[in-house]
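The values are calculated or read from the model by the stated rules, or taken from the named source; none is laboratory data. On a predicted model such as this, the values are computed, not experimentally measured, just so you know. Neighbour counts are summed over all protein chains in view; Cβ atoms, including those assigned to glycine, are modelled from backbone coordinates with ideal geometry. Side chains included, ligands, DNA and RNA excluded: accessible areas come from the protein's heavy atoms. Shrake-Rupley method; radii C 1.70, N 1.55, O 1.52, S 1.80 Å.
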Amino acid sequence: MRKIGILTGGGDCPGLNAVIRAVVEKCAAHGIETFGFAGGWRGALNAEGKWMTLADVENLQAQGGTLLFTSRTNVLKEENGPERVKATMEKLGLSAIVAIGGDDTLGVADKLNNMGLNMIGVPKTIDNDLAGTEFTFGFDTAANIAMEQIDRLHTTAYSHNRYIVVELMGRHTGWIAMYAGLAGCASVTIIPEFPKTVEEVAQIMLERKERGLDYGIIAVAEGCEFADMDLSDANLDEFGNVRVAEKDVAERLAEALKKRTGIPTRHTVLGYIQRAGSPSVFDRILGTRMGYKAAECVIAEDYGKMMALQANEIVAIPLAAASAGRKVVGENLYKCAELYFR
């Protein structure tokens with residue numbers, strides 16, 4: 001009987017469990033056993049986890065988070081990391097590993113695949129910034145949650161004649177902020193792809209005040225930088241990603257805008273709530289479809305591939321696509337939102 005492993009790496013994300021269930025069920029239907037590694041690549045390094053049964057994954061696609069737990073362990077920075085993963089696969093008799101994660105997790109999978117360890121990747125990120133796929137599961141849920149919170153905050157902003165700066169997830173790209181800000185009627189949406197200065201945002205607020213609009217919502221992606229505001233105290237995680245600075249960008253921006261405009265300005269950080277809880281219909285279905293396609297690749301022994309949504313079809317593309325650069329918000333979408341920055 002053939003055997004494979006499966007793991008989830010990086011941040012948790014709505015839709016992960018849908019992928020896990022689809023892989024386990026489809027593989028089981030073809031006589032393939034699945035070992036679920038606990039804690040992402042850490043589990044693969046230490047052979048930690050369990051053999052999955054159909055009972056383990058019953059109704060799993062409705063649940064948020066990940067049944068297999070997760071970590072940000074970087075195999076390539078661990079002593080003898082690739083050798084340890086190979087030893088784990090040999091010990092368990094695994095012919096391949098299905099890695100579910102973002103560019104960091106899949107970047108490791110791609111390098112291991114090039115070293116002769118069979119890997120299949122399933123792209124995951126609420127940031128929706130992975131190249132090669134039109135959407136990643138988790139994004140729809142996160143954008144809807146963010147939009148709903150912005151909808152609610154409008155009433156407080158209006159009632160108190162103030163602005164509220166809402167910080168949204170998005171280290172390198174502004175997909176969540178763009179969708180939530182545009183759908184949620186934000187007065188200004190600020191994303192890394194199209195940076196603004198504090199002075200530019202302040203000017204929009206002052207122009208709105210002249211028209212009798214002394215309240216509003218400013219949506220800002222957490223990874224935004226401002227040429228006229230210091231964000232120098234950030235630090236890096238083990239994959240080289242910027243961690244949140246001592247003060248969140250929303251807090252700094254709110255303070256700077258209040259100082260420049262004299263308009264009462266507060267801030268709120270939505271944080272982990274954006275990626276918590278049950279996935280949306282779209283993410284449950286997308287995760288299921290990607291897991292099903294990944295299992296088909298397992299069955300066909302078609303390794304070194306990443307699942308991708310293209311023209312509403314799930315296709316298998318080279319795993320290297322996950323590390324081929326970030327998918328950024330385009331100018332046309334930004335200009336659509338910019339129409340309302342007044």
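The sole residue among GLY39, GLY31 that is open to solvent by 10 Å² or more (accessible area, probe 1.4 Å) and on the phi > 0 side of the Ramachandran plot is GLY31. Scanning segment 170-227 for residues being in a helix (DSSP H, G or I) and acidic (Asp, Glu) gives a total of 4.
Within segment 70-90, the set of residues being assigned to a helix (DSSP H, G or I) and not hydroxyl-bearing (Ser, Thr, Tyr) comprises VAL75, LEU76, LYS77, GLY81, PRO82, GLU83, ARG84, VAL85, LYS86, ALA87, MET89, GLU90.
Residues of segment 78-99 include none that is within 30 Å of CYS224 (Cβ to Cβ), in contact (Cβ under 8 Å) with a residue 60 or more places away in the chain and touching a Lys or Arg at 6+ places or on another chain (Cβ under 9 Å).
Remark: THR197 falls outside the filter, which requires a residue to be open to solvent by less than 20 Å² (accessible area, probe 1.4 Å) and either over 13 Å from CYS224 (Cα atoms) or at pLDDT 95 or above (or both).
Applying the set (1) out of contact with any Gly (no Cβ under 8 Å at 6 or more places or on another chain); (2) open to solvent by 20 Å² or more (accessible area, probe 1.4 Å) to PHE69 leaves exactly one unmet item: (1). Scanning segment 12-25 for residues that are in contact (Cβ under 8 Å) with a residue 60 or more places away in the chain and buried (at least 20 other Cβ atoms within 10 Å of the Cβ) gives CYS13, PRO14, GLY15, LEU16, ASN17, ALA18, VAL19, ILE20, ARG21, ALA22, VAL23. When we screen ASN80, ASN128, ASN113 for residues that are surrounded by fewer than 18 Cβ atoms within 10 Å (Cβ to Cβ) and modelled with pLDDT of 95 or more, the only hit is ASN80.
Could we say that THR133 is assigned to a helix (DSSP H, G or I) and open to solvent by less than 30 Å² (accessible area, probe 1.4 Å) here? Answer is no for this residue. The number of residues in segment 152-184 that are hydroxyl-bearing (Ser, Thr, Tyr), more than 15 Å from GLN274 (Cα to Cα) and buried (at least 19 other Cβ atoms within 10 Å of the Cβ) comes to 2.
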